[in-house]
1. Here are some conditions: (1) under 28 Å from A:GLU209 (Cβ atoms); (2) facing chain B (nearest Cβ under 9 Å); (3) without any contact (Cβ under 8 Å) to a residue 60 or more places away in the chain. A:ARG65 meets all but one. Which one does it not meet?
2. Look through A:THR28, A:THR10 and report the one residue that is open to solvent by 20 Å² or more (accessible area, probe 1.4 Å), within 16 Å of the chain's Cα centre (by Cα) and farther than 28 Å from B:PHE6 by Cα.
3. On the basis of being open to solvent by 40 Å² or more (accessible area, probe 1.4 Å), at pLDDT below 90 and more than 11 Å from chain A (Cβ to nearest Cβ), does B:THR47 make the cut?
4. Can you tell me which residue among A:ALA143, A:ALA102, A:ALA98 is modelled with pLDDT of 90 or more and closer than 20 Å to A:GLU166 by Cβ?
5. Of all residues in the stretch B:173-216, count the ones that are surrounded by 22 or more Cβ atoms within 10 Å (Cβ to Cβ) and small (Gly, Ala, Ser).
6. Inside the stretch B:1-29, can you point out the residues that are away from every other protein chain (no Cβ under 14 Å) and exposed (fewer than 15 other Cβ atoms within 10 Å of the Cβ)?
7. Would you call B:PRO158 under 30 Å from A:VAL85 (Cβ atoms), touching a helix residue (DSSP H, G or I) at 6+ places or on another chain (Cβ under 8 Å) and not in a helix (DSSP H, G or I)?
8. Just one of B:TRP112, B:TRP147 is within 21 Å of the chain's Cα centre (by Cα) and either at pLDDT 90 or above or assigned to a helix (DSSP H, G or I) (or both); which is it?
Amino acid sequence: MDAVATYGLTKHYGAHVALCGLDLRVPTGRLFGFLGPNGAGKTTALRLLLGLLRPTGGRAEVLGRDAWRDGPTLRAEVGYLPGDVRFYHWLTGRQTLAFFDAARGGRAAGELNRLAERLALDLDRKVRDYSRGMKQKLGLIAALMHRPRLLILDEPTTSLDPLMREALYAELRAIVAEDRTVLFSSHTLAEVESLCDEVAILRGGRLIEQERVSVLRERAVRRVEIRFQPGARPAPSRPAGFEVLGEADAQWRGTWTGPADRLLAWLASCPVQDVTIAPPDLEDLFLAYYAEQEGRDL
Amino acid sequence: MSRAIFCKTLRDSWLLIGALILAVLVLELGILRMLLETGENLEHLRTWLELPLVRDLLQIVLGADLVGDLTPTTMATFGLAHPLLYAFAWILLIAMSSAAIAGEIDWGTADWLLTLPVSRATVYFSTSAACLLAAVVIGCAPLVGLWLGVQLWPRAGPLDFGRLWPLTPNFVALNVCVAGLALLASSLVARRGKAVGLVLACLLVSDLVNILTQFWAVLRPIKFLGFLHYYRPLPVVRSGELPWANIAILLGVAAIAWLAGLRCFCRRDIPAM
């Protein structure tokens, strides 16, 4: 069963189309990345899944239930972190979490303390005294503490320092290892690339790609630098997929698209002194997706 | 109903509830003390009350002509219809009701509240229950204040509480009506300031109707549009009977506003702030 499935999900704000016919499938037990530039419709899609917005058209199923009609039942099994984390500033962190826990049935005290320790958050201070990063940690604890089957995070690493980011990644990986699902939106492509099994790319309210990261990686370009032996000339024919971007002093800079073995076979036939092949760069691929769509929009 | 949301709504407002109830008690004690002092010179008071403008204004506030019926009990009705009393009660109810929905959206905390495993109707019931409790408590405070005053200054009495008590359910109904309207306004908008503005505009129009119909006979047919038309302390005290019809109308308006608010809230989008 898919943790999330949307069927022609559409949302209009008056004349503005925020989301147009979204057909998305998020399989259970995956770390799923939701990518797109600002205004692509990511937050709208997530809010529709949580029943905070009412669809103009289509429908969304979360954990097999209708997101709008069965909201209260399914939200018992969903954790959510909003993009802009704000709390009741007059409460302490502990009082805030105690309220959420009480409203959820009061079974999360143990997990709450574990997470607070893991994320190194002092829960006995008033929220108004928290920094942005501390509020983000509090939000993460609130989203995680009831051990939801589906976790929806809207840009979760905003304001987190690198150490806490790593702690969060470890938590998310542990969640997925328990066959629970994580759906998170992000602007940080490197984060999605390193963390996710599968991604969906949204642009202008439309889904333009949904694919496993491993497949995208095969499609992605690798940056290649080749230094030839002094005085030597490379083979005149280059393999398809290799594009030379710059040539100087027996050194080539370029990009490679396709399986690495063909490039290596060609390199073996050349008088190469040194070669650098960077890992596949998804950022370029994603930017290409955005640009392609932008071209279509124009 | 969610106990957690009910308790949170009360906890968020306890300071305001406490302060305004105290203010009402002090107001009642002050009014009783003032009446005690002016009562010692009744003829002077009567002359002053017979001034046409004062007489009209008192009729607007009390719902009937006070002159000719100056007893401690009828004079004490002034404490149950003082503009400051309305201000204290309505500040509390508008503050609580507008914080419940529009306030949550405005502060960005609605995302947390509405992703809890409770329906929007449950959120609405729970916050409404807290507002209702506040309406009842602050509705009872004036009579408690008068009772305390009589205990402190027995010479201010005797007050006939048998005739005064029917005003309490009437005042509670008026407060519930204001809370219902405030919840409706809160359900319609995403900014707390807008919700407060809507209710205040509604109350201002209602009060204007109440005042203008007293001075211009031509406007009398629209008198029924003012909320205070259904809360007239002096006639109630004189009859000593519960004003069932007025209470029913106020509660009816409250119920319609409350149900409209519920419907709007359950169907509306919650925007990201």
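1. (2)
2. The unique qualifying residue is A:THR28.
3. When the stated conditions are applied, B:THR47 passes them.
4. It is A:ALA143.
5. 8
6. Correct list: B:GLY18, B:ALA19, B:LEU22, B:VAL26.
7. no
8. Going through B:TRP112, B:TRP147 in turn, the sole match is B:TRP147.
The values are calculated or read from the model by the stated rules, or taken from the named source; none is laboratory data. Since the structure is predicted, the reported quantities are computational estimates derived from the model, not experimental observations. A quick note on method: Cβ atoms are made from the backbone with ideal geometry, for glycine too, and the neighbour counts reach across all protein chains shown. Remember, those area values only see protein heavy atoms, side chains included, never the ligands or the DNA or RNA. Shrake-Rupley method; radii C 1.70, N 1.55, O 1.52, S 1.80 Å.
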